Amino acid sequence: MSKVKFSKSRKSAHLSPPPFFKGEGQGGGGQIPVDNLSSPHLASPLSRGEGSRWRGARKIKNPLIAKRKAAPLLARRKRRENRFRFYGILAIAFAFGFLGILLCNIISSGYSAFAETRIRLPITFSAGMTEDYFGAVRESLKNHFPEVHGKPELFRLYALISRDAEMQLKDMLAANPGLLGKTEEVWLKASSDADMYFKGRITKNTAEAYRKLSDHQLDWLEFLASEKRMKKTFNSTFFSAGDSREPERAGILSSMAGSLLTILCCMLTAFPLGVMTAVYLEEFAAKNWITAILEVNINNLAAVPSIIFGLLGLAVYIGFFGLPRSSSLVGGLTLALLILPIIVIATRNSLRSIPPSIKDAAIALGASKMQSVLHHSIPLAMPGIITGTILGIARAMGETAPLLMIGMVAFIADVPRNILSPATALPVQIFLWSDSPEAGFAERTSAAIMMLILFLAIINGAAIFLRKKFEVKWS
Amino acid sequence: MFSPHHKSHFEKLLHILLIFSTGISILITVSIIASVLFEALKFFKLVPLADFLFGFKWSPQIALTADQGGSSGAFGAVPVFLGTLLITTIALIVAVPAGLFSAIYISEYASSRMRGIIKPALEILAGIPSVVYGYFAAVAFAPFLKHMGERIGIPIAAESAFAAGFVMGIMIIPFIMSLSDDVMNAVPASLRAASLGLGATHSETVVKVVIPAALPGIMGAVLLAISRGLGETMIVVMAAGLTANLTLNPFSSVTTVTAQMVTLLTGDQEFGSSKTLAAFALGLSLFLTTLALNVIALMIVKKYREQYE
Amino acid sequence: MTVMSETRMQAKNLNLFYGTKQALFDINMDIERNKVTAMIGPSGCGKSSFLRCLNRMNDTILNCVVKGQVLLDGYDIYAKAVDPVLLRAKIGMVFQKPNPFPKSIYDNVAYGPRIHGLTRNKGELDGVVKDSLKKAGLWREVKDRLKDSGTSLSGGQQQRLCIARAIAVNPEVILMDEPCSALDPIATAIIEELIGNLKANYTIVIVTHSMQQAARISERTAFFHLGKLLEYGDTRDIFNRPKHEKTEGYINGRFG
């Protein structure tokens, strides 16, 4: 978001106390008695002998004290004052209330995604398994539920276990070939629907026609659960897998990798360009109408809607230069344009806050302008520059629209191999998953949002921390 | 010993590098305009500008099947523009009062401790990506609204403009608040002192002295917020509709410029078809409008700042 | 037979704290009706702080605590039942740097009466504005351009506008915090003459860093030093026969 600064100074609403006198503490200085400094000619009201005026005056109503009846205007003004104050509190409560509702909603719908359901079944590791790992699962299920007949019903039975079980069994066998010939109890990953059942999202309360699981399927799952054959474990798939058609096999790894590569490309382009532009404009460029226009230009760039940068990326990087669509390189370059003004503005502000006396000192010692900038200005401005850059990273991390424009909407199951291979980013993944109707994707979308917010919180926290730590007070 | 300092080759190179990178920044603005203009002009060869700006029928899908030219009059962007304005207006109705009053409270009434808590908290609100707001709007808020509407008897679409606009408004609140806060702090304390010294209450001082004095700055903030609202994409893509609908009813489903740009460009069509070109035409309109708003806003704010500094 | 002058305001055992630092120590002072009372002393000695106690402007400063009493016509203005908003209509203030609102001249002067609901219709308000501007000696210069912005006037005119603004709410006391320090000598002279005319109708308390000014325009002078009121009396006496060595030192320019 563009941070256009309107004023540099912060004048408080209240008057600031006058410069405090250099007192030596109480009773300081000389031992001069404090006189009663009423002039002898002046009669102070309490010293007057005769009662008259003042005592009589006490009976007159104090004009400074307003009674409600006597001053309806004042009462109205007071009411207006209170109402006004109330509106302010209401506005703040409204904004934060909504934020609270949003966060609660996301967390309550997403926290369950961090657990996945597993079902324990006895698996026979036969020699012919390598042809069809899932076959062993089918066998096991058939043996466990001998009463199930007919293809449709059997398919429904098999649908309780995730296809991911294939990979699981394959990995087990590869790690431990000695399993061949044995029968082991294996905790297999449940399918997404079974997972939803175990998490209480699918119950018999809904009519069968509106459910993803039939009555029979629910009965089988209930049976397995009663046999203590179902449990929840930590959903490591979420962090170790890329996108998938099935929710229980889907994770954020590929999108996170994509985000990382994209931001890397973005920073490697934007940081040097931004800092150099700012240094040039601030330290070297003559202050004429050209630089004035450039300043206006940069400030305006900061306020251009992000989707426009996506159009630019599409037209120039993909259309003109022919770079691969939806690659992290193009994504990074597109976001770099977005971030550039942020870094330029942050660097310029940082450079401006350095007192000229330091630069003058360097020059007086015989350094060239370039040297004074390189050796003094930039290092001193570095904390501000870094903080601005980190905030730029945070902004880039949350951007979705430009990446949609350059094509990062594809289904990306694998971690991108390099910056030229198709990729996606975490916010885009959230967008894509939000369209899927499965309940499993709904909870994963919320979980992905939680992760995104977490990363942003860390990044912003780092920026605030650095800002506080390296804040130099130029006295 | 006192020979003039010769700029070393390294320094000369560095100097050139600096100028070069500055040049790139200019190049960006120029290339945005150029590339968007270029593609948009291609579009206007197919569809006349007047049809685009003043036409009332927007259905790009039909245009593609009818003929590649697209001159079947299905690229009239008025419903799209109207939808954008409708949603942005709703957003501003939510954001401006809330943002302004929050700013007034924290800059005039809150203790510095409260201020120290509220300001960073609002930065957090501002840092939440729009895709999150969009998800919340689509999955929780819009259905809730529809449900409420059913209870009261008002038909509310599942993807109502009101839902998208309301959530967009919430997203803009911190933006307006921080800008207004800066603007009001720029009003000198001496004016406040004068008002209080005459016996005005705090609220009277704010309403009759501070805000009138800060008005240009606040106007600038509102213009920037409008610009922000016009260009917002994710919330409307996820929570507002995708079919053009010419209406002012906030409870119906409308589409916006940005939502259309996304739908037109994220399908499977090759680059250069009239659909993708239409997206560029929309993009050009958006860019020019927000550019105008931003330039005016920044000009107003600059003049306002000069008054007090 | 001496004329008994009346006390308009009185400070009794007034102590002022900014947080834990004490700024004013046990001030006792009577301010007389329809006289100009000047407060002099080296910078930072507390005179402005004291002035702000008189109309409770210190209430707007955080962590500012006032102990003691300030009486207006015998009533403690720090009493719980007193509303500072009404008080400040009775005790007006003119500040060091002229601070007219960025509104028209008319609206500047009309601001106070409008807020306090002092007039019933536009005609009355026009009358109040004209009257205040006349009393502030500004009417002739601005009567044709009441709609112009208050900030378009010169420094001296702006300060007179602020005085008119303060007068418009019909105060009884006018406090002035170094009103001429930001003005050139000619504007200063005009304001000093104005003060001389105003005291017929108002009680004036003025903080000044210029002893010559105090000597020119005030009847009573108070000398503050390091938060204490060291000497207070008739201006002539203070300047010709100072009782206190510090007073004497200050007057003779030995410290400032």
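Structural remarks
- Qualifying residue in the stretch C:16-36 (condition: at the interface with chain A (Cβ under 10 Å from one of its Cβ atoms), aromatic (Phe, Trp, Tyr) and either over 18 Å from the mean Cα position of the chain (by Cα) or not in a loop (DSSP other than H, G, I, E, B) (or both)): yes
- Candidates C:248, C:231 - the one that is of a type in the set (Asp, Glu) and either assigned to a strand (DSSP E or B) or in contact with an Asp or Glu (Cβ under 6 Å, 6 or more places away or on another chain) (or both): C:231
- Residue satisfying all of: in the stretch A:408-420; over 23 Å from the mean Cα position of the chain (by Cα) and under 19 Å from residue A:316 (Cβ atoms); surrounded by the fewest Cβ atoms within 10 Å (Cβ to Cβ) among these: A:420
- Residues that are surrounded by fewer than 19 Cβ atoms within 10 Å (Cβ to Cβ) and either farther than 24 Å from residue C:62 by Cα or of a type in the set (A, V, I, L, M) (or both), drawn from the stretch B:88-124: B:89, B:93, B:97, B:114, B:117, B:118, B:121, B:123, B:124
- Hits in the stretch C:37-61 - residues which are within 7 Å of chain A (Cβ to nearest Cβ) and more than 13 Å from the chain's Cα centre (by Cα): C:44, C:45, C:46, C:60, C:61
- Restricting attention to the stretch B:139-181, the residues that are in contact (Cβ under 8 Å) with a residue 12 or more places away in the chain and either of a type outside the set (Gly, Ala, Ser) or surrounded by fewer than 23 Cβ atoms within 10 Å (Cβ to Cβ) (or both) total 25.
- Residues in the stretch A:129-153 that are under 24 Å from residue A:177 (Cβ atoms) and in contact with a helix residue (DSSP H, G or I) (Cβ under 8 Å, 6 or more places away or on another chain): A:129, A:130, A:133, A:134, A:135, A:136, A:137, A:138.
- Filtered residue count, the stretch A:413-435, keeping only those that are assigned to a loop (DSSP other than H, G, I, E, B) and within 24 Å of residue B:239 (Cα to Cα): 3
- Within the stretch B:1-20, tally of residues that are at pLDDT 55 or above and either more than 9 Å from chain A (Cβ to nearest Cβ) or not in a loop (DSSP other than H, G, I, E, B) (or both): 13
- Any hit, the stretch B:169-190, residues being more than 13 Å from chain A (Cβ to nearest Cβ), in a helix (DSSP H, G or I) and in contact with a Ser or Thr (Cβ under 8 Å, 6 or more places away or on another chain): no
- Within the stretch C:173-228, the set of residues being in a loop (DSSP other than H, G, I, E, B), among the acidic types (Asp, Glu) and more than 11 Å from residue C:40 (Cβ to Cβ) comprises C:184, C:219.
- Residue check, residue B:36 buried (at least 17 other Cβ atoms within 10 Å of the Cβ), modelled with pLDDT of 80 or more and at the interface with another protein chain (Cβ under 10 Å from one of its Cβ atoms): yes
- Candidate set from the stretch A:149-183 (those that are small (Gly, Ala, Ser) and assigned to a helix (DSSP H, G or I)); member that is nearest to residue A:213 (Cα to Cα): A:165
- Filter result (over 13 Å from the mean Cα position of the chain (by Cα) and over 15 Å from residue C:85 (Cα atoms)) within the stretch C:166-187: C:168, C:181, C:182, C:183, C:184, C:185, C:186, C:187
- One residue from A:200, A:258 being under 30 Å from residue A:414 (Cβ atoms), under 33 Å from the mean Cα position of the chain (by Cα), small (Gly, Ala, Ser) and not in a strand (DSSP E or B): A:258
- Residue in the stretch A:454-467 that is surrounded by fewer than 24 Cβ atoms within 10 Å (Cβ to Cβ), at the interface with chain B (Cβ under 8 Å from one of its Cβ atoms), among the polar types (S, T, N, Q) and over 30 Å from residue A:193 (Cβ atoms) present: yes
- Hits in the stretch B:21-33 (condition: more than 9 Å from every other protein chain (Cβ to nearest Cβ) and in contact (Cβ under 8 Å) with a residue 12 or more places away in the chain): B:33
- Verdict on residue A:208 being closer than 19 Å to residue A:228 by Cα and surrounded by fewer than 15 Cβ atoms within 10 Å (Cβ to Cβ): no
The values are calculated or read from the model by the stated rules, or taken from the named source; none is laboratory data. For clarity, every value in this text was computed on a predicted model and none was experimentally measured. Backbone-built Cβ (ideal geometry, glycine too); neighbour counts: all protein chains shown.
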